[in-house]
Amino acid sequence: MTTPSTPEITNAAATDSAAVLTGMYAAEAAYLAAGGPGRASFAPLAPYFAPDVVLHQAAALPYGGTWRGHAGVERFFLTMSRVWESFDMTEQEFLATGPTAVVLTRVRARARATGRELTFPILQTITVRDGRIAEVRPFYWDTAAIADACAPRPAPAG
């Protein structure tokens, strides 16, 4: 996937959800390349998210729960970095754009605690309001497999 340049978020044209999402994913890639959570500044990503953004994650995941606001999204990234050693979006397709966009992403990831690698799809509905991401709802095909890959196995007794 080619990473486009980050568009300006301050003009009216940026209210198009495809432009907002393309810009956010490019900013996220730059953020991760710069060291990611705990090392790089979240500031380049912040303009893509509404101040009251809500990110929902399946409760069964090690990073499950509801993350709110810029501080919540930043904490989410930090929690993800503690769970995953690598988390690469290998393919991405915008299935629908508009006030609610639908994005299909194929992920290849390696769990930090176990070293296990997984490849899995994530389907996200992303609501864009006033040129910013207001809500994200990711849907995973198999949360149990993801949680299992991230959970260290107990040492055999004996």
Seminar exercise, completed: The percentage of the accessible area of the chain (probe 1.4 Å, all protein chains present) made up of carbon and sulfur atoms, to the nearest whole number, is 54
Exercise. When only C-alpha pairs under 8 Å and at least 6 residues apart count, what is the relative contact order of the chain, in percent?
Worked result: 22
Exercise. If you put +1 on each Lys and Arg Cβ and -1 on each Asp and Glu Cβ, how big is the dipole of the chain around its Cα centre, in Debye rounded to 20?
Worked result: 500
Problem set entry | Considering only the chain, percent of DSSP beta bridges that pair antiparallel, nearest 5 | 90
Exercise. Can you list residues whose amide H is under 5 Å from Val53's amide H, if they're 5+ apart or on another chain and H is modeled 1.01 Å from N?
Worked result: Gly69, His70
Exercise. Under unit Cβ charges (Lys, Arg +1; Asp, Glu -1), what dipole magnitude, rounded to 20 debye, does the range 26-102 have relative to its Cα centre?
Worked result: 320
For this session: Please calculate how many Å² of accessible area the range 77-158 carries per residue, with a 1.4 Å probe and no DNA, RNA or ligand atoms counted.
Result: 57
Exercise. From the residues Gly36, Val128, Ala26, which one has its Cα farthest along the dipole of the chain in the positive direction, the dipole being from +1 and -1 charges on Cβ of Lys/Arg and Asp/Glu about the Cα centre?
Worked result: Gly36
Exercise. On full extension of the chain, what length is gained from Phe94 through Ala151, given 0.36 nm per residue of separation minus the C-alpha to C-alpha distance?
Worked result: 17.4 nm
Problem set entry | Per-residue HN-Hα couplings for the range 115-120 [Karplus 6.51, -1.76, 1.60; θ = phi - 60°; Hz; x = Gly/Pro] | x, 6, 9, 9, 10, 8
Seminar exercise, completed: Note on the range 66-105: alpha-carbon gyration tensor, axes a ≥ b ≥ c; rule is a/c under 1.5 for rounded, else prolate if a/b larger than b/c, else oblate; result oblate
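The values are calculated or read from the model by the stated rules, or taken from the named source; none is laboratory data. Remember, it's a predicted structure, so these values are computed and weren't measured experimentally. Cβ sites come from the backbone with ideal geometry, for glycine too, and all protein chains shown count toward neighbours. SASA here: full protein model, heavy atoms, side chains in, ligands and nucleic acids out. Shrake-Rupley method; radii C 1.70, N 1.55, O 1.52, S 1.80 Å.
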